[in-house]
1. When 324, 83 are ordered from fewest to most other Cβ atoms inside 10 Å of their Cβ, what list results?
2. Do the sum for the chain: with -39,500 (n - 2.57) for every DSSP H run of n ≥ 4, divided by all residues, what is the mean residue ellipticity at 222 nm, to the nearest 500 deg cm²/dmol?
3. Which residue, 20, 156, 189, tops the fluctuation ranking in a GNM of the chain built on C-alpha contacts under 10 Å?
4. So what does log10 I(q)/I(0) come out to for the stretch 199-299 at q = 0.24 Å⁻¹, using the Debye formula with one equal point on every Cα and no solvent?
5. Name the GluC sites (Glu not before Pro) in the stretch 31-97 that are in a loop by DSSP and that have at most 14 other C-beta atoms within 10 Å, would you?
6. Would you mind checking 31/177; 39/201; 96/177; 157/288; 177/288 for any pair whose Cα atoms are more than 22 angstrom apart?
7. Quote to one decimal, in nm, the extra length available between residue 122 and residue 156 on full extension: 0.36 nm per residue of separation minus the C-alpha distance between them.
8. Sequence-distant or interchain residues sharing an amide H contact under 5 Å with residue 288, placed H: which?
Amino acid sequence: MRDKDTSRKPSYDFKPGHDSFLAEVLIGLRKPQKELPTKYLYDEHGSRLFERICELREYYITRTEASIMQAHIEEMAELIGPRVLVIEHGCGNCQKVRFLMDYLHDPVAFIPVDISQEQLLRVARELDSVYPRLQVLPVCADYTSSFELPVPKQESKRTVVYFPGSTISNFDPIPAKHFLEHIASLCGSGGALLIGVDLKKDLAVLHDAYNDSEGLTAAFNLNLLQRINRELDCDFQLDGFEHYAFYNPRESRVELHLVSNRDQVVHLDGKTISFAKGESIWTENSYKYNLDEFQQLAAAAGFRVERVWLDERQWFSVQYLTTR
Ligand code: AVI
C-alpha cells in the first residue's frame with residue numbers, strides 16, 4: 001500500500017465568495033425576467049434536500065440511471081479500461097462514482113470537484129479509506145467556471161470524466177456545448193466522458209417529478225431565498241413566493257420558478273427590488289433530449305457517441321463518448 005496524504009484540505013480552493021454571490025444575485029434580480037443562478041440552489045441544506053429528492057418515487061432520474069449502471073457496469077468498465085484518471089464535476093456525496101470505482105481496473109487517481117467544501121472534504125476522507133491505492137485530489141470549485149486541475153503523482157492511461165445524474169440538463173444549449181468542449185479538452189485525445197442524459201417522455205411523468213407530493217422540490221427551490229436572506233442579509237418573505245415547475249415543450253425543458261403571490265418589495269445591499277403579484281424568479285431549467293439531439297450536441301463539442309445504454313422504458317440514457 002502506498003503512503004497517502006491524509007491531511008484533508010482541498011487540493012485547490014476556488015469556491016466563489018460572498019461578493020460574487022451578491023453580484024450575481026443583483027444582476028439576476030434586475031433583469032426584466034428575474035432569475036437566480038441555479039448553482040446557488042446547492043448549499044448544505046439544498047444539497048441535503050436534493051439527496052432526498054433523488055430518493056422520491058416521483059423523481060425517476062436517480063433510480064433509472066442506477067438501474068442502467070447496474071445492468072451494464074462491467075461493459076462500461078471494459079470500455080473505460082485500466083489505470084485511468086477519473087474526474088467528476090459536481091460530485092456531491094460521491095455515491096455514484098463509488099459504484100463505478102468498484103468495477104474499474106486499477107484506477108490511479110480521482111479528482112472530485114464540488115462547490116460544497118465541507119461535504120467535499122468529508123467525502124474525500126471516506127474515499128481515502130475505502131480506496132487506499134487511489135490518489136484522491138479534491139477541488140473545491142464552481143465547475144462552470146474555469147479552474148486548474150491538480151496533477152496526480154502517477155501517470156494514467158486515459159482521462160475519463162464521469163458526469164452522471166443528467167446534470168447536463170441544467171445547462172442551456174450554448175453553455176452545454178461550451179461545457180462539453182471544456183470536458184473534451186480536459187480528456188485530451190483518447191479520453192472519454194461517461195454521462196447520464198435524461199430523455200423526453202410523457203408530460204405527466206415530468207410534471208410529477210418536479211412537483212412531488214412531499215413538497216421537497218418546492219422546499220429545494222424556496223431554500224434559495226432563505227440562503228440569500230442568510231448569507232446576503234436580505235429580507236425575502238418565504239410565504240410570499242410559491243414553487244412553480246412546468247414543461248416548456250418549445251424549448252424541451254422543465255422550468256423551475258418562484259412566483260410572487262403578492263405585490264411586495266425586497267431589500268438587498270441597500271437596494272429595493274419590487275415584485276408584482278404573479279411575477280416570477282426563474283431558478284432552473286432541466287432540458288430533456290432525444291438521442292439524435294444529444295448526439296448532435298456532443299459532436300458539436302468534439303465528442304463521438306460510442307455507446308448508449310437505456311432502461312426498458314427509454315426514459316434515461318447513459319452514454320459513453322470519446323474525443324475525436
Ligand atoms: C441535478 N439535476 C439533474 C436535477 C434535474 O432534474 O434537473 C435538479 C433538480 N431540480 C429539481 N429537481 C431536481
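Computed from the coordinates by the stated procedures, all read-outs in this text should not be read as laboratory data. Just so it is clear, the model here is predicted, and its values are computed rather than measured. Quick reminder, even Gly has a Cβ in these numbers, built from the backbone with ideal geometry, and neighbours come from all protein chains shown.
1. Numbers: 324 11, 83 15.
With the sparsest Cβ surroundings first, the list reads 324, 83.
2. Calculated from helices alone, the mean residue ellipticity at 222 nm is -11500 deg cm²/dmol.
3. Sorting by GNM fluctuation, first place goes to 20.
4. The Debye formula, applied to the Cα set alone, gives -1.24.
5. Numbers: sites: 35, 44, 51, 55, 58, 65, 74, 75, 78, 88; in loops: 55, 58.
In loop regions of the stretch 31-97 (DSSP not H, G, I, E or B), the sparsely surrounded GluC sites (Glu not before Pro) are 55.
6. Numbers: 31/177 24 Å; 39/201 25 Å; 96/177 24 Å; 157/288 33 Å; 177/288 15 Å.
Cα-Cα > 22 Å for 31/177; 39/201; 96/177; 157/288; rest within.
7. Numbers: separation 34, 0.36 × 34 = 12.24 nm, distance 2.53 nm.
Roughly 9.7 nm would be gained on extension.
8. 253, 254
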